[in-house]
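The values are calculated or read from the model by the stated rules, or taken from the named source; none is laboratory data. Small disclaimer: the values here were computed from a predicted structure and weren't measured. For neighbour counting, all protein chains shown are included, and Cβ atoms are generated from backbone atoms with ideal geometry for every residue, glycine included. Ligands, DNA and RNA are stripped out before the accessible areas are found, and what is left, the full protein with its side chains, is counted by its heavy atoms. Shrake-Rupley method; radii C 1.70, N 1.55, O 1.52, S 1.80 Å.
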Amino acid sequence: CVHATEVDLYGVTVSPRLVDLILAAPVAGRLKAIDLTYVNGISPESILRFARGLELLTDLRLPWDFIVESEFYRSLVQARPTIVRLSLGLGNMLDEEDLRIICHGLRLEHLELSAVENLTDRAIDIILESPCAQTLRFVDVSYAPQFSSRDVLRLVRGCPELAQLKWDTNDDELDRDVDGPNVDAVDALLKSRGGSASGAVAYA
């Protein structure tokens, strides 16, 4: 795969030996994206080795249900501060200090925060108080009921480049804090920036 610029390790158990092989291959000098969403297993250290060894890496998608200490995120932003797309993986258990490390250490254009159970609505302020507020173009806040529609509207208003928002709210329990006027205001802002409607459905 001499011309590949991204690798998706779907269904693979990523052993240290596999990391060695990828980093030693000629393609390592061209890889810009690595998708670990559906790996069967990978250690945090192996992910950091990819971050350190793939010099063109700008797009990193972490596994689902990812649980690590804050030191992982500190090491990640130090290893590859040029990452602009970060998917934290559905069900990531990061806390607000972890999010602060990410948003102050990276200049993200694309951030996925789906089903992030440990975060509170304070996460919106952390993003808005960081440099990422000026660079974000896409955010995914699906299945995160701690973010009310008022919080999501604050996020969109505070990120002037944000034109794409994924905001799946198709479950009544999740929809309890999603109201029509806020959804309409969010969608109007996104469209005014050349984007499309969020897809959110207001709770009735």
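Observations on the model:
- There is no residue in the stretch 14-30 that is within 25 Å of Asp95 (Cβ to Cβ) and basic (Lys, Arg).
- Residue match in the stretch 83-104 (condition: touching a His at 6+ places or on another chain (Cβ under 8 Å), in contact (Cβ under 8 Å) with a residue 40 or more places away in the chain, of a type in the set (A, V, I, L, M, F, W, C) and outside any helix (DSSP H, G or I)): yes
- Those residues of the stretch 58-82 which are basic (Lys, Arg) and in a loop (DSSP other than H, G, I, E, B), in sequence order: Arg80
- Single residue of the stretch 129-156 satisfying the filter (open to solvent by 50 Å² or more (accessible area, probe 1.4 Å) and in contact with a helix residue (DSSP H, G or I) (Cβ under 7 Å, 6 or more places away or on another chain)) that is nearest to Asp59 (Cα to Cα): Tyr143
- Each residue in the stretch 5-31 was checked for being part of a loop (DSSP other than H, G, I, E, B) and either over 21 Å from the mean Cα position of the chain (by Cα) or crowded, with 17+ Cβ neighbours inside 10 Å (or both), and 7 pass.
- Flag for Thr37 being surrounded by fewer than 19 Cβ atoms within 10 Å (Cβ to Cβ), touching a residue at least 12 places away in the same chain (Cβ under 8 Å) and either in a strand (DSSP E or B) or in contact with a Gly (Cβ under 8 Å, 6 or more places away or on another chain) (or both): yes
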